Amino acid sequence: MEHVSNWLLLAPAGAFVVSAMLLFVIDSFDPESKHDTLLAAVTTAGATVAMVVSAALLLSGVADPGVELFGGQLVVDGMSLIFTFIFGSVTALVGLASADYIEDLPHKAEYYLLVLLAATGMSLMASANSLAVVFVALELASLPSYALVAYLKTNRGSVEAALKYFLVGALSSSILAYGISLVYAATGSLLLPDVAAAAGEATDLYAGVFGVGILMVLAGFAFKTASVPFHFWAPEAYEGAPAPISAFLSSASKAAGFVVAFRVFVVAFPIDTVAASVDWVLAFQVLAVVTMTLGNFAAATQENVKRMLAYSSIGHAGYVLIALAAFSPGTEGLVLGSGMIHLLVYGFMNTGAFLFIALAEYWDVGRTFRDYNGLAKEAPVACVAMTVFMFSLAGLPVGGGFISKYYLFAGAVGAGFWWLALVGAVNSALSLFYYSRVVKAMWIDEPDEPRDIEGYPTALYAAVVTAAVVTVVLLPGILIFDNAAFDAAAALL
């Protein structure tokens, strides 16, 4: 019975794997398959199953307070299930939207297969309870991502972005691996709870080695979450990649980086034990302020909408960093849970925004703000959805982004870091400027020349509208997940 329940707990990750294997089989029998709908359907169905099963396990409390698997290498708990739900929802939206976006492009099976393999790596990152598993799962998520950014092989910008992404990613992986080796040298273990148990002795005997190891691990995660100063790959990669892949990387991949950071720093490096070696809370405070500020100021100067969203995603990484920057005894569960909630909402509103960019690219509208002038006259439903995404990302009460930012800032204030909340509020006010530019262009400004939109792609439209509806529903519906998020944070502590 216990064996069966363990397999049930692995079912969300298994859904990604089974779907990927099914795509392997389809491509083996029909390598030049023209069954675009079948490939997209398998991807979307597998991701949807992962999303639904993870939500069911989360809300049923089966994994409370956490179940260790494979000798403690993996742990399935509330936090891992919340993030697997995020990965499943983003992958499902991307799979659905891609049916129209890549309909005239080759190697469709490989495209969907790489998306599912990356999602598999992300789901394993959410459950990783060992630094070795963290590294392997991160590479499983990263390697397909490099190829996906370069999917538009005839597009010079796509190939160049992928090369930069790969080179910076290889460097960050080496830094992370070396940091893990230093932590192992100081503690003699890779399992996160065992590292924490040995941390006290390590800070006495190997304080310098242990502290440098923690900082190098932090740098590796900062790359994955596109935090400043490890962010410079993100605008290039998001702009050069196919728009659905930009949505996937900026939402799911970012969430994967944060779930690993949450688990590693809270479980393996308890601040009250490792503070003598390195004060990682202070490091995250610096990262949070610099990341949200630079991201928002850079976004405000862009004329390319896709690049603006890329810098916007960096700004949102700064907001989520508050979950670790405001970590303090007594309130740590509140800020950690708030970070999970914001990433959950962000997964829908940011994915939807990039999928609207995909829709505009499908229509060959262009990428600048001026190119979007008057678009609402031809595509009012899609523009309503984009308006919801923009205002929710800014934190206005039209979507779940309002509640999730409120939780984050209130958590910072409750922890005594009111200045972090103030910096976040100022940056949110700044973000309203560039988000409203998109809305103004679509609804108010007149186009420079007549525009003729040919066709309304059903799958892409459905993905955009679905993301918008969920974003709005999460304004009151976040109550379904907030208790689960706070309980998951409390269990982690």
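The values are calculated or read from the model by the stated rules, or taken from the named source; none is laboratory data. Predicted model, so just to flag it, every value in this text is computed and none were measured. Glycine gets a Cβ as well: all are built from the backbone with ideal geometry, and neighbour counts include every protein chain shown.
Mind telling me which of the residues Ala323, Ala268 ends up being farther than 30 Å from Ala97 by Cα and touching a strand residue (DSSP E or B) at 6+ places or on another chain (Cβ under 9 Å)?
Working: Ala323 fails: touching a strand residue (DSSP E or B) at 6+ places or on another chain (Cβ under 9 Å).
Criteria check complete, one pass: Ala268.
Taking helices (runs of 4 or more DSSP H) that do not extend beyond region 204-280, which have at least 1 residues that are closer than 19 Å to Ser181 by Cβ and at pLDDT 85 or above? Give the derivation first.
Working: elements: 207-224, 233-240, 243-248, 254-263, 271-274.
It comes to 207-224, 254-263.
Out of Val286, Val266, Val281, which single residue is among the β-branched types (Val, Ile, Thr), surrounded by fewer than 23 Cβ atoms within 10 Å (Cβ to Cβ), closer than 24 Å to Ser404 by Cβ and out of contact with any helix residue (DSSP H, G or I) (no Cβ under 6 Å at 6 or more places or on another chain)? First the steps, then the outcome.
Details: Val266 fails: out of contact with any helix residue (DSSP H, G or I) (no Cβ under 6 Å at 6 or more places or on another chain); Val281 fails: out of contact with any helix residue (DSSP H, G or I) (no Cβ under 6 Å at 6 or more places or on another chain).
Criteria check complete, one pass: Val286.
Kindly list the number of the only condition in (1) surrounded by 19 or more Cβ atoms within 10 Å (Cβ to Cβ); (2) modelled with pLDDT of 90 or more that fails for Glu303.
(1)
When both residues are 6+ apart or on different chains and their Cβ atoms are under 6 Å apart, which pairs have a first residue that lies in region 294-305 and is among the aliphatic types (A, V, I, L, M), and a second that is assigned to a helix (DSSP H, G or I) and surrounded by 15 or more Cβ atoms within 10 Å (Cβ to Cβ)?
From residues that are among the aliphatic types (A, V, I, L, M), the pairs are Ala298/Tyr311; Ala299/Met308; Ala299/Tyr311; Ala299/Ser312; Ala299/Tyr434; Ala300/Tyr434.
Assuming Gly395 fulfils every condition listed in (1) closer than 30 Å to Pro450 by Cα; (2) under 22 Å from the mean Cα position of the chain (by Cα) apart from one, which condition is it?
Going through the list (1) closer than 30 Å to Pro450 by Cα; (2) under 22 Å from the mean Cα position of the chain (by Cα), Gly395 breaks only (1).
Name the pairs whose Cβ atoms lie under 7 Å apart, with the first residue in region 53-79 and closer than 18 Å to Ser189 by Cβ, the second among the acidic types (Asp, Glu), and 6 or more positions between them or separate chains?
Val75/Glu68
Results for (1) among the small types (Gly, Ala, Ser); (2) within 20 Å of Leu152 (Cα to Cα); (3) under 15 Å from the mean Cα position of the chain (by Cα), shown as yes or no for each residue.
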residue	(1), (2), (3)
Pro65	no, no, no
Phe70	no, no, no
Phe85	no, no, yes
Ala109	yes, yes, no
Met125	no, no, yes
Ala128	yes, no, no
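Tell me, please, whether a residue that is within 26 Å of Gln73 (Cβ to Cβ) and within 13 Å of the chain's Cα centre (by Cα) can be found in region 261-274.
Among the residues of region 261-274, at least one is within 26 Å of Gln73 (Cβ to Cβ) and within 13 Å of the chain's Cα centre (by Cα), which makes the answer yes.
Can you confirm whether Tyr461 is under 14 Å from Pro380 (Cα atoms), of a type outside the set (Gly, Ala, Ser), touching a residue at least 60 places away in the same chain (Cβ under 8 Å) and buried (at least 18 other Cβ atoms within 10 Å of the Cβ)?
On the way: under 14 Å from Pro380 (Cα atoms): yes; of a type outside the set (Gly, Ala, Ser): yes; touching a residue at least 60 places away in the same chain (Cβ under 8 Å): yes; buried (at least 18 other Cβ atoms within 10 Å of the Cβ): yes.
So Tyr461 fits the description; yes.
If a residue has to be part of a helix (DSSP H, G or I) and closer than 23 Å to Ile245 by Cα to count, how many in region 303-346 make the cut?
Kept after step one, since they are part of a helix (DSSP H, G or I), are these residues of region 303-346: 305-325, 332-346.
Now narrow it down to the ones that are closer than 23 Å to Ile245 by Cα: 305-320, 340-346.
Final tally of qualifying residues: 23.
So for region 109-121 (the condition being small (Gly, Ala, Ser), more than 24 Å from Lys306 (Cβ to Cβ) and in contact with a helix residue (DSSP H, G or I) (Cβ under 6 Å, 6 or more places away or on another chain)), does at least one residue qualify?
Checking region 109-121: at least one residue is small (Gly, Ala, Ser), more than 24 Å from Lys306 (Cβ to Cβ) and in contact with a helix residue (DSSP H, G or I) (Cβ under 6 Å, 6 or more places away or on another chain).
Just a yes or no: is a residue in region 203-220 surrounded by fewer than 18 Cβ atoms within 10 Å (Cβ to Cβ), of a type in the set (Ser, Thr, Tyr) and free of Cβ contacts under 8 Å to residues at least 24 places away in the same chain?
Scanning region 203-220, I find no residue that is surrounded by fewer than 18 Cβ atoms within 10 Å (Cβ to Cβ), of a type in the set (Ser, Thr, Tyr) and free of Cβ contacts under 8 Å to residues at least 24 places away in the same chain, so the answer is no.
Can you confirm whether Thr84 is among the polar types (S, T, N, Q), within 18 Å of Phe262 (Cβ to Cβ) and in contact (Cβ under 8 Å) with a residue 24 or more places away in the chain?
Values: among the polar types (S, T, N, Q): yes; within 18 Å of Phe262 (Cβ to Cβ): yes; in contact (Cβ under 8 Å) with a residue 24 or more places away in the chain: yes.
Considered against the rule, which asks whether it is among the polar types (S, T, N, Q), within 18 Å of Phe262 (Cβ to Cβ) and in contact (Cβ under 8 Å) with a residue 24 or more places away in the chain, Thr84 comes out as yes.
Is there a residue being more than 22 Å from the chain's Cα centre (by Cα), surrounded by fewer than 16 Cβ atoms within 10 Å (Cβ to Cβ) and modelled with pLDDT under 90 anywhere in region 181-194?
Yes.
Please work out if Leu93 is among the hydrophobic types (A, V, I, L, M, F, W, C), modelled with pLDDT of 95 or more, under 17 Å from Ser19 (Cβ atoms) and surrounded by fewer than 24 Cβ atoms within 10 Å (Cβ to Cβ). Explain how you work it out, then say what you get.
Working: among the hydrophobic types (A, V, I, L, M, F, W, C): yes; modelled with pLDDT of 95 or more: yes; under 17 Å from Ser19 (Cβ atoms): yes; surrounded by fewer than 24 Cβ atoms within 10 Å (Cβ to Cβ): no.
Taking the combined requirement at face value, the residue does not satisfy it.
Show the residue pairs meeting these rules: Cβ distance below 6 Å; 6+ apart or different chains; first residue within region 277-290 and under 21 Å from Ala198 (Cβ atoms) and without any contact (Cβ under 8 Å) to a residue 60 or more places away in the chain; second residue in a helix (DSSP H, G or I) and of a type outside the set (Lys, Arg).
Note: pairs meeting the criteria are Val281/Ile271.
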